[in-house]
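Accompanying notes for the structure given below.
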Amino acid sequence: MKFYLQKSIEFIDAHISDPLNLDLIADHVGFSKFYLNHMFNIYTGLSIMAYVRKKKLEYALDELKTDKRIVDIALDIGYASERAFSRAIYNAYGHSPNYFRKKEVLKTRRLVIYDLNLSANEERILANFPPGFETVTQNLTAEGIKKMKKYLSDVRYELMDKMVVFSGTMIGNEPEDAIIGLMNQFAKTYDITPLRAFGFDVPVEGSEDVTRFRGYEYWLSVDESMLDKLPSPDATEIEFEGTQIKVKRIPAYRYAALRIEDPMLDPFERIGTGWQYLVSWLEDHEFKAPDFVRCDLANCLEEVKEIGGVTVMDIYVPVDTQ
């Protein structure tokens, strides 16, 4: 996977003065945009478009050294107005664009994708420490891994047959709860019985005011017969409470899966660590092969359920088509 992420970075850096969007970058790399963005975020902590905006602002700093008008520079890199561009420069660097007409700023180095270096093998990790050296660090490292292994399962493979899903997306500060509530209300209104439910983060593109929010898509997997309960059974989307609910057909796929126990006990640690561990495991087992089959509906999925009275989250990374 590192190869493909680095390929996306090289493409962005080489075309930073051109209009860039997630579809264009994903097409170049050969992955679905949601899948690529999810992996990029796991490795770098940034969405792809956040990285693009960061690099475009650095490009703009060089342009400010020329005689170009500030408004022209703003429009060239995709801002709708000089005011929006000036605000972005100030938020990023603490000064207005005029300040950088004559002043230099230290730019970030080119982003390089490295191994995640997450392993639950205590012996391999602790072998990096000389005997008797930084004992406290050793103990903390061992305790952290021991704790992680308590709430993360072993990686398994799961074959999912083709699915019919109702799909809804929300953008906001807390989009998960909003779209899950709306989709459950949709199912209740039309007396639809879901078989399974999946969610995943989606990238948000647009103006600076929009991109400060997050996006989340939620699927209700249903039997084909449930479509007959809609006002128009052949419709590919239906409006419900001001949101477009789409009917999607997801092809059969093989996923690498990991279970996280009590994910909401500490969601930032547990869910984040779970994704990093699963992808790190895949680096050693799957991503070295260059024959990944692209599917625009192959997404990294999250599925929350109750097992024996305990809340668990299964996370899935698509591996190949069936």
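Can you find even one residue in the range 84-94 that is of a type outside the set (Phe, Trp, Tyr), touching a Pro at 6+ places or on another chain (Cβ under 9 Å), part of a helix (DSSP H, G or I) and free of Cβ contacts under 8 Å to residues at least 40 places away in the same chain? Yes. Number of residues in the range 36-76 that are out of contact with any Lys or Arg (no Cβ under 9 Å at 6 or more places or on another chain), over 30 Å from residue 98 (Cβ atoms) and touching a residue at least 60 places away in the same chain (Cβ under 8 Å) equals 6. You will find that of 34, 11, the residue that is under 23 Å from residue 88 (Cβ atoms), assigned to a helix (DSSP H, G or I) and of a type in the set (Phe, Trp, Tyr) is 11 and no other. Would you pick out the residues in the range 166-209 that are among the small types (Gly, Ala, Ser) and in contact with a Ser or Thr (Cβ under 9 Å, 6 or more places away or on another chain)? Correct list: 168, 187, 197.
Of the residues making up the range 102-111, those that are surrounded by fewer than 12 Cβ atoms within 10 Å (Cβ to Cβ) and modelled with pLDDT of 70 or more number 2.
Going by what's in this entry, would residue 85 be described as closer than 24 Å to residue 214 by Cα, buried (at least 16 other Cβ atoms within 10 Å of the Cβ) and over 20 Å from the mean Cα position of the chain (by Cα)? Criteria met by residue 85. Of the listed requirements (1) modelled with pLDDT of 90 or more; (2) in contact with a Pro (Cβ under 7 Å, 6 or more places away or on another chain); (3) of a type outside the set (Asp, Glu), residue 78 misses just one: (1). Within the range 1-31, track down each residue that is surrounded by 21 or more Cβ atoms within 10 Å (Cβ to Cβ) and among the polar types (S, T, N, Q). The one that is surrounded by 21 or more Cβ atoms within 10 Å (Cβ to Cβ) and among the polar types (S, T, N, Q): 8. Residues in the range 47-61 that are among the hydroxyl-bearing types (Ser, Thr, Tyr) and in a helix (DSSP H, G or I): 51, 59. Screening the range 190-252 for strands (runs of 3 or more DSSP E) wholly inside it with 2 or more residues that are touching a Pro at 6+ places or on another chain (Cβ under 7 Å) and not aliphatic (A, V, I, L, M) returns the ranges 214-222. Filtering 200, 213 for residues that are modelled with pLDDT under 90, among the hydrophobic types (A, V, I, L, M, F, W, C), surrounded by 13 or more Cβ atoms within 10 Å (Cβ to Cβ) and outside the structural domain of residue 25 (by TED's automatic domain parsing) leaves a single hit, 213. The condition of being at pLDDT 90 or above and either within 29 Å of the chain's Cα centre (by Cα) or more than 22 Å from residue 25 (Cα to Cα) (or both) holds for only one of 114, 99, that being 99. When the range 219-240 is filtered for residues that are surrounded by 11 or more Cβ atoms within 10 Å (Cβ to Cβ), touching a residue at least 12 places away in the same chain (Cβ under 8 Å) and either under 18 Å from residue 296 (Cα atoms) or not small (Gly, Ala, Ser) (or both), the ones remaining, listed by number, are 219, 220, 221, 222, 223, 226, 227, 229, 230, 240.
The values are calculated or read from the model by the stated rules, or taken from the named source; none is laboratory data. On a predicted model such as this, the values are computed, not experimentally measured, just so you know. When we count neighbours, we look across all protein chains shown, and the Cβ atoms used for this are built from the backbone with ideal geometry, even at glycine.
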